[in-house]
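The values are calculated or read from the model by the stated rules, or taken from the named source; none is laboratory data. Fair warning: this is a prediction, and the values are worked out from it, not measured in the lab. Cβ placement follows ideal geometry from the backbone for every residue including glycine, while neighbour counts extend to all protein chains displayed.
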Amino acid sequence: MEVLISFTILVLISINIAMVLRAGRAAAVTGTFAARVSNELNQTVDRIALALMGADAAALDGPQLKPLSSEYVRFQACLGVEESGVVHGPVEEIKWAPTTPEAGKIVWRENPSSAQERRVVWSTAVPSTYMHEVPNNGTDDNGNAIEDEAGLAFTMDGPRVDIHVTVERVGHDGRARPMQRTQHIYCRN
Ligand SMILES: [Ca+2]
Ligand SMILES: [Ca+2]
């Protein structure tokens, strides 16, 4: 009888240990996944912010006054000032482009649509609508004072440009995990 009780206790302890280990592994996987999405979001926002900081504010096209927004920005870097005026870099564009009806990517292009075009994809996981926003209903559903904004949205307030980015990837459990960040920047010139 004692042997049976000891054996039962041993089995129960083993099951408990297995459960704890499994829960720990799941938490570790979830943590790594969240960190990956967060890294992708931060890297994308930082790249956009750095590019726009060097732009000539007078040669900026795209960002709208709230509650409107745009999915793109076109600009030219200010390289310096000569007697003849501001010397600009080539035209650059940062734009959301669809890959499916619900998802898309952020593409940076230099000299867009010309023979000299260069392009780099900065994120491949940007949804067509911003986190917790319902598209095309003329309402600000997520309380950020912008109506029907996309996963990439540019707004402006005087000399300030606001960059709004949502990155969304699907976890191992099949659930979509969106993360969003807004960054305010001032064009240097
Ligand atoms: Ca909104
Ligand atoms: Ca809406």
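Which residue, of 129, 155, is within 16 Å of ligand 2 (Cβ to nearest atom), out of contact with any Phe, Trp or Tyr (no Cβ under 9 Å at 6 or more places or on another chain) and closer than 16 Å to residue 49 by Cα? First the steps, then the outcome.
Values: 129 fails: closer than 16 Å to residue 49 by Cα.
When all the criteria are applied, what remains is 155.
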TODO: Among the numbered conditions (1) away from ligand 1 (no atom under 16 Å from the Cβ); (2) at pLDDT 95 or above, tell me where residue 142 comes up short.
DONE: (1)
TODO: Output the residue which, of all residues in region 47-57 that are touching a residue at least 60 places away in the same chain (Cβ under 8 Å) and part of a helix (DSSP H, G or I), is farthest from residue 107 (Cα to Cα).
DONE: 57
Open item on the list: Exactly one condition in (1) outside any strand (DSSP E or B); (2) among the polar types (S, T, N, Q); (3) away from ligand 2 (no atom under 15 Å from the Cβ) is false for residue 139; which is it?
Closed with: (3)
Open item on the list: If a residue must be within 22 Å of residue 187 (Cβ to Cβ) and among the aliphatic types (A, V, I, L, M), how many such residues does region 122-149 contain?
Closed with: 2
